[in-house]
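A.B. asks: Would you mind keeping the following structure in view while I ask a few things?
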Amino acid sequence: MISFCIIIIPSESNQIWSEYYPDSAVVIGSSYHNFATGESSGNRVSVRDSRGWIHVVYSTGYGIPYANDTEIMHVYSTDNGETWLEPINVSRTDSLSSDEPTLAIDSDNVLHCLWRQAYRVAPESTWHRYLFYSQFDGDSWSLPYQVTMTPNSGTSLYSSLIVDSYDRLHAVWDEQLAPFGSDYDIFYSCYNGTTWSGPYNISDDNYDSAFPCLAIDSGDTLHLVWRKRVSGHPIMYSKYNGINWSTHSVIATTPNASWSGAPIIIVNSISRPQVIWSNDATGNAELYYIQYIDTAWTLPYNLSNSDHNSVGPNISIDTSGNLHIVWMEDIDLNRYDIYYRTHSNGSWQESMNLTEDTEGSYCPKLGDPISPNGVDLIWTSGFWPHFDIVYMRLNLAQGIEENQNPESVIKDIVLFQNKSNPFVQFTDISYQITNTGMEPYSVQLKVYDINGREIKELVDGYKPAGLHTVRWDGKNNKGIKVTSGIYFSRLQVRKYFDVKRILLVKK
C-alpha cells in the first residue's frame, strides 16, 4: 500500500514549491543540471548501510559547460531520510568537470564511488574524460584514483559498479579509443582491495557499444547488458563466471526502431536476469521488459504503454521478489514527470505519476537492494540554472493483512520476535503453524541485511504444524560472522510472509 500527502519543501534557491509526492520528500542538494543523478540507467546513486543510514551521491553540474564548478557530492541520513547531513565533496576536482557518479557498498559499510572526470588535453585543447574512484570508510573519502588510463584515450562516458560477496569491486564502462570519432567499446575491471585489474574489452568489435549496466547473482556471476548502435539497435548480453566472459549475444532487437536507450539489468533470488530499456519502435519512446526463463529470453513486454515518451528507466527488487520500476515521461515539451510501477503477486500493477511537477522531474534512481524500510528514490527537479536533488521514500506494505493467502490453511501462521534482541552471540527465532488442514507446509526463513541482501538461510523445506524454533549464530551462508547492525528475519509460507527486525551488537 502506498500513501500520499501534500507537502511543502523549501528549495535551496529560497523558493517555496508544493508537490504531490508519495510518503515523504526532502531536498538534499542542488545542481546546475537535470542530469545530476546520472544520464545512464546503469548507475546507482543510493545505498543503505547495515545501520539503516541512507547514502546518496550526485553531481553539482553536468558536462563541459560546468567544468569550473562540477563536483561529486555525498550526503547521508541517519534517521531514515528525515534529516540529512551537509554534503561532502568526493571528487575534489577544483576547476575540472566531474559527473555521472555510481555508488556501491560492501559488507563492512565501506562506500565505493566511481565517476567520470574531464581534462583539457594540449595542444588541441580537446576534452578527454576518464573514470576516477574513491572510497569512504565512515570518516573520510580517500584521494581520487584514476581507473582508466588508456594512452591517447578519447573518452570514458558511462559506468556501472557492483560488489560481490567477497567485497571485490567489479566495474564496466564504455570507452571511445583514439582517434576521436571512433566507436565505443565496453570495458571491465576488478578491484581486489589493492589494485584494479587491467581493463578487458568485452564488446571488442567495430560497432558503437554504450550504456553498460552490471548486475550480480547469489553465486557471484556477473550479468552485463549494453546497447549497440547498429540496425535494429539491439540490447546485448554477456555474463562472467569469474574466469571468462561469455560470447555476447543479442537478447532483444527492434528492426523498425531508430534508437534504443540505456538498458538496466537486475537479477532476482533465483538468479533470473531481468532487463528494461526504451526504444521508439512505436513512434514514441516506450519501455520494454524481458526476463530469462529456463533457456531463453521472453518476448518484450511494453511496460509503459503511454502516449508520451518514456525514457530513463531504473529498476530494483525487494526481498519478496517484487519489482519496482521508475522512469521519466515527457508530459509537456522538455518537462518530465516521474512514473512508478511494480510487479507483485505475479502481475503488473497500474503505473502512477509520482511527481506532477510543474518545473520538471528528471533522472530517477532507486536504492538497490530495497530495504524493509521502504523504497528509496532520488531524482532532480527544477529548471535551468537551478535543480534540486530530491529524496523520498515509498513505504513497503508488509504484513499478514496485505500478503496472506485467502485460504484458511495459513491464517494462523505467526513469526515471533527473536529472543534475545539485541543479541551478541546467538538468537532464537520462532514461528508457529496452528492449522493442520493441509500439512506439511513449504517454509522459508531467511535473514537479510538492511540493503535486502540475503545473509543466512535458516529454513528451506517442508514443516509440520506446530511451534518451530531455529537459532542464528550471527554468521552468513559462508560461515563468516557478520558485522553489527540491523538485520531482518523473513518468514514465507506460500504467499504469506512476515518480517521482524533483529539487532546484532558486539562486545
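The values are calculated or read from the model by the stated rules, or taken from the named source; none is laboratory data. Treat the numbers as computed from the prediction; the structure is a model and nothing was measured. FYI the Cβ positions are ideal-geometry reconstructions off the backbone, even for glycines, and counts take in every protein chain you see.
A.B. asks: Which of the residues belonging to segment 46-62 are assigned to a loop (DSSP other than H, G, I, E, B) and within 14 Å of Arg116 (Cα to Cα)?
C.D. replies: Going through segment 46-62, the residues assigned to a loop (DSSP other than H, G, I, E, B) turn out to be 49-53, 60-62.
Once the filter is applied, which keeps residues that are assigned to a loop (DSSP other than H, G, I, E, B) and within 14 Å of Arg116 (Cα to Cα), segment 46-62 yields Thr60, Gly61, Tyr62.
A.B. asks: Suppose we keep only residues that are farther than 20 Å from Gly321 by Cβ and among the hydroxyl-bearing types (Ser, Thr, Tyr) within segment 432-461. Which one would you say is modelled with the lowest pLDDT?
C.D. replies: Restricting attention to segment 432-461, the residues satisfying the condition of being farther than 20 Å from Gly321 by Cβ are 432-440.
When the remaining residues are screened for being among the hydroxyl-bearing types (Ser, Thr, Tyr), the result is 434, 436.
Values: Thr434: 73, Thr436: 52.
Checking each candidate, the answer is Thr436.
A.B. asks: What is the number of the single condition among (1) more than 19 Å from the chain's Cα centre (by Cα); (2) surrounded by fewer than 19 Cβ atoms within 10 Å (Cβ to Cβ); (3) under 30 Å from Asn322 (Cβ atoms); (4) touching a residue at least 24 places away in the same chain (Cβ under 8 Å) that Thr221 does not meet?
C.D. replies: Tallying (1) more than 19 Å from the chain's Cα centre (by Cα); (2) surrounded by fewer than 19 Cβ atoms within 10 Å (Cβ to Cβ); (3) under 30 Å from Asn322 (Cβ atoms); (4) touching a residue at least 24 places away in the same chain (Cβ under 8 Å), Thr221 fails exactly one: (1).
A.B. asks: Now a separate question. Can you find, within segment 467-476, the residue that is nearest to Gly219 (Cα to Cα) among those that are surrounded by 13 or more Cβ atoms within 10 Å (Cβ to Cβ) and more than 23 Å from the chain's Cα centre (by Cα)? Walk me through how you get there before you give the answer.
C.D. replies: So in segment 467-476, the residues surrounded by 13 or more Cβ atoms within 10 Å (Cβ to Cβ) come out as 468, 470, 472, 474-476.
Then keep just the ones that are more than 23 Å from the chain's Cα centre (by Cα); that gives 468, 470, 472, 474-475.
On the way: His468: 29, Val470: 25, Trp472: 22, Gly474: 21, Lys475: 18 Å.
By that ranking, first place goes to Lys475.
A.B. asks: Continuing with this model, one more query. Does segment 35-50 include one or more residues that are over 30 Å from Val275 (Cβ atoms) and modelled with pLDDT under 90?
C.D. replies: At the first step, the residues of segment 35-50 found to be over 30 Å from Val275 (Cβ atoms) are none.
Taking every residue of segment 35-50 in turn, none turns out to be over 30 Å from Val275 (Cβ atoms) and modelled with pLDDT under 90.
A.B. asks: Select from segment 64-95 the residues that are more than 23 Å from the chain's Cα centre (by Cα) and crowded, with 17+ Cβ neighbours inside 10 Å and write down the one among them that is modelled with the highest pLDDT.
C.D. replies: Once the filter is applied, the top-ranked residue is Thr70.
A.B. asks: Then there's this: I want to confirm something. Restricting to segment 267-289 and keeping residues that are of a type in the set (A, V, I, L, M) and buried (at least 24 other Cβ atoms within 10 Å of the Cβ), which single residue is farthest from the chain's Cα centre (by Cα)? It would help to see each step written out before you state the result.
C.D. replies: Taking segment 267-289 as the starting set, the residues that turn out to be of a type in the set (A, V, I, L, M) are 267, 270, 275-276, 281, 285, 287.
Subset that is buried (at least 24 other Cβ atoms within 10 Å of the Cβ): 275-276, 285, 287.
Values: Val275: 13, Ile276: 13, Ala285: 22, Leu287: 18 Å.
Checking each candidate, the answer is Ala285.
A.B. asks: Could I ask something else about it? Looking at segment 235-245, which of the residues that are touching a Lys or Arg at 6+ places or on another chain (Cβ under 9 Å) and either at pLDDT below 95 or among the aliphatic types (A, V, I, L, M) (or both) is surrounded by the most Cβ atoms within 10 Å (Cβ to Cβ)?
C.D. replies: Restricting attention to segment 235-245, the residues satisfying the condition of being touching a Lys or Arg at 6+ places or on another chain (Cβ under 9 Å) are 235-236, 245.
Applying the additional criterion that residues be either at pLDDT below 95 or among the aliphatic types (A, V, I, L, M) (or both) yields 235-236.
On the way: Ile235: 29, Met236: 23.
Taking the candidates together, the pick is Ile235.
A.B. asks: Let me ask another. Being small (Gly, Ala, Ser) and either out of contact with any strand residue (DSSP E or B) (no Cβ under 9 Å at 6 or more places or on another chain) or in a strand (DSSP E or B) (or both) is the filter; apply it to segment 205-236 and report the residue that is nearest to Ser159 (Cα to Cα).
C.D. replies: Applying the first criterion (small (Gly, Ala, Ser)) to segment 205-236 yields 209-210, 215, 218-219, 231-232.
Remaining after also requiring either out of contact with any strand residue (DSSP E or B) (no Cβ under 9 Å at 6 or more places or on another chain) or in a strand (DSSP E or B) (or both): 209-210, 215, 219, 231.
Details: Ser209: 13, Ala210: 10, Ala215: 12, Gly219: 23, Ser231: 24 Å.
Applying the filter and picking the extreme gives Ala210.
A.B. asks: Would you pick out the residues in segment 124-146 that are modelled with pLDDT of 90 or more, part of a strand (DSSP E or B) and of a type outside the set (Gly, Ala, Ser)? Can you show your working first?
C.D. replies: To start, the set of residues in segment 124-146 that are modelled with pLDDT of 90 or more comprises 131-146.
If we keep only those that are part of a strand (DSSP E or B) as well, we get 131-136, 141, 145-146.
Hits for segment 124-146 are Leu131, Phe132, Tyr133, Gln135, Phe136, Trp141, Tyr145, Gln146.
A.B. asks: Next question, about the same structure. Filter segment 253-300 down to the residues that are assigned to a strand (DSSP E or B) and more than 15 Å from Tyr237 (Cα to Cα) and list them by number. Spell out the reasoning first.
C.D. replies: Kept after step one, since they are assigned to a strand (DSSP E or B), are these residues of segment 253-300: 260, 264-267, 273-279, 286-293, 296-297.
Of everything in segment 253-300, those that are assigned to a strand (DSSP E or B) and more than 15 Å from Tyr237 (Cα to Cα) turn out to be Ser278, Asn279, Glu286, Leu287, Tyr288.
A.B. asks: Across segment 470-507, what is the number of residues that are modelled with pLDDT of 80 or more and touching a helix residue (DSSP H, G or I) at 6+ places or on another chain (Cβ under 8 Å)? Outline the logic, then answer.
C.D. replies: Pass one, segment 470-507, residues modelled with pLDDT of 80 or more: 470-483, 487-493, 498-504.
If we keep only those that are touching a helix residue (DSSP H, G or I) at 6+ places or on another chain (Cβ under 8 Å) as well, we get 493, 498.
Of the residues in segment 470-507, 2 are modelled with pLDDT of 80 or more and touching a helix residue (DSSP H, G or I) at 6+ places or on another chain (Cβ under 8 Å).
The rows are residues; the columns are (1) at pLDDT 80 or above; (2) surrounded by 17 or more Cβ atoms within 10 Å (Cβ to Cβ); (3) within 20 Å of the chain's Cα centre (by Cα).
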site: Arg393; (1), (2), (3): yes, yes, yes
site: Glu401; (1), (2), (3): no, no, no
site: Ile410; (1), (2), (3): no, yes, no
site: Ile413; (1), (2), (3): no, yes, no
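A.B. asks: State whether the residues of segment 360-375 include one that is over 18 Å from Asn43 (Cβ atoms) and β-branched (Val, Ile, Thr).
C.D. replies: In the first step, residues of segment 360-375 are kept if they are over 18 Å from Asn43 (Cβ atoms); the result is 360, 371-374.
Filter once more, so that each one left must be β-branched (Val, Ile, Thr): none.
For segment 360-375, residues over 18 Å from Asn43 (Cβ atoms) and β-branched (Val, Ile, Thr): absent.
A.B. asks: Which of the residues spanning segment 1-34 are in a strand (DSSP E or B), among the aliphatic types (A, V, I, L, M) and either at pLDDT below 50 or surrounded by fewer than 17 Cβ atoms within 10 Å (Cβ to Cβ) (or both)?
C.D. replies: Pass one, segment 1-34, residues in a strand (DSSP E or B): 4-10, 16-22, 24-31.
Subsequent filtering for residues that are among the aliphatic types (A, V, I, L, M) retains 6-9, 16, 25-28.
Result: Ile6, Ile7, Ile8, Ile9, Ile16.
A.B. asks: Just to be sure, is Gln425 outside any strand (DSSP E or B), farther than 26 Å from Asp217 by Cβ and modelled with pLDDT of 85 or more?
C.D. replies: On the way: outside any strand (DSSP E or B): yes; farther than 26 Å from Asp217 by Cβ: yes; modelled with pLDDT of 85 or more: yes.
The answer is yes for Gln425.
A.B. asks: Right, next: Check Ser258, Ser209, Ser238, Ser218 and return the single one that is more than 23 Å from Ala104 (Cβ to Cβ) and polar (S, T, N, Q). Outline the logic, then answer.
C.D. replies: Values: Ser209 fails: more than 23 Å from Ala104 (Cβ to Cβ); Ser238 fails: more than 23 Å from Ala104 (Cβ to Cβ); Ser218 fails: more than 23 Å from Ala104 (Cβ to Cβ).
Step by step, each of Ser258, Ser209, Ser238, Ser218 is checked, and only Ser258 is more than 23 Å from Ala104 (Cβ to Cβ) and polar (S, T, N, Q).
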